[in-house]
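Down below is the structure, laid out as structure tokens.
The values are calculated or read from the model by the stated rules, or taken from the named source; none is laboratory data. As the structure is a prediction and not an experimental result, all values here were calculated from the model. Heads up, the Cβs are rebuilt from the backbone with ideal geometry, glycines too, and the neighbour counts pull from every protein chain shown.
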Amino acid sequence: MKAALLLSGGMDSLSIAWWKRPDVAITVDYGQLPAQAERSAVASVCAQLGIEHHIVGIDCRALGSGDMAGSTPNEHPPASDWWPYRNQMLITFAVMRAISLGVQRLLIGTVMSTSG
């Protein structure tokens, strides 16, 4: 079964890359300001592990607010840097690319967070 990993360059997904060694890594550049550094980190890890790497580029800055979007924070969200439903968006874009690559399994890494 061909597996892919949604690989962001963060600790969670990089750990999964080293642990599971998927066939394919998919990185979504959604217009976040640190995208270049994330792509660089991911490319290095994929090269070291021999993982085929694909980048999906979609500019979604108009949908986010705050530092990562390069805009003024929205006054309504719970944090100054906010991308509503970001993880769902990233998974959707990654799955769309994975299907075209013949992937049957998509791995993701997330952090469990709690609110106050």
Those residues of the stretch 82-106 which are in contact (Cβ under 8 Å) with a residue 60 or more places away in the chain, exposed (fewer than 15 other Cβ atoms within 10 Å of the Cβ) and under 18 Å from the mean Cα position of the chain (by Cα), in sequence order: Leu101, Arg105
Just checking, how many residues over the stretch 11-69 are at pLDDT 95 or above, on the phi > 0 side of the Ramachandran plot and out of contact with any helix residue (DSSP H, G or I) (no Cβ under 8 Å at 6 or more places or on another chain)? 1
Say we look at the stretch 1-15 and pick out the residues that are surrounded by 15 or more Cβ atoms within 10 Å (Cβ to Cβ) and among the hydrophobic types (A, V, I, L, M, F, W, C); which of these is farthest from Gly109 (Cα to Cα)? Ala3
Considering only residues of the stretch 16-39 that are loosely packed, with under 13 Cβ neighbours inside 10 Å and without any contact (Cβ under 8 Å) to a residue 24 or more places away in the chain, which is nearest to Ala3 (Cα to Cα)? Trp19
Scan of the stretch 50-66 for residues that are part of a helix (DSSP H, G or I) and either of a type in the set (Gly, Ala, Ser) or surrounded by fewer than 15 Cβ atoms within 10 Å (Cβ to Cβ) (or both), ordered by number: Ala62
Per the list (1) loosely packed, with under 12 Cβ neighbours inside 10 Å; (2) part of a helix (DSSP H, G or I), residue check on Ala79 breaks on (2)
Among (1) more than 11 Å from the chain's Cα centre (by Cα); (2) not in a helix (DSSP H, G or I), Trp19 falls short only on (2)
Identify the single condition in (1) farther than 20 Å from Gln104 by Cβ; (2) in a strand (DSSP E or B); (3) not small (Gly, Ala, Ser) that Arg39 does not satisfy, given that it satisfies every other one. (2)
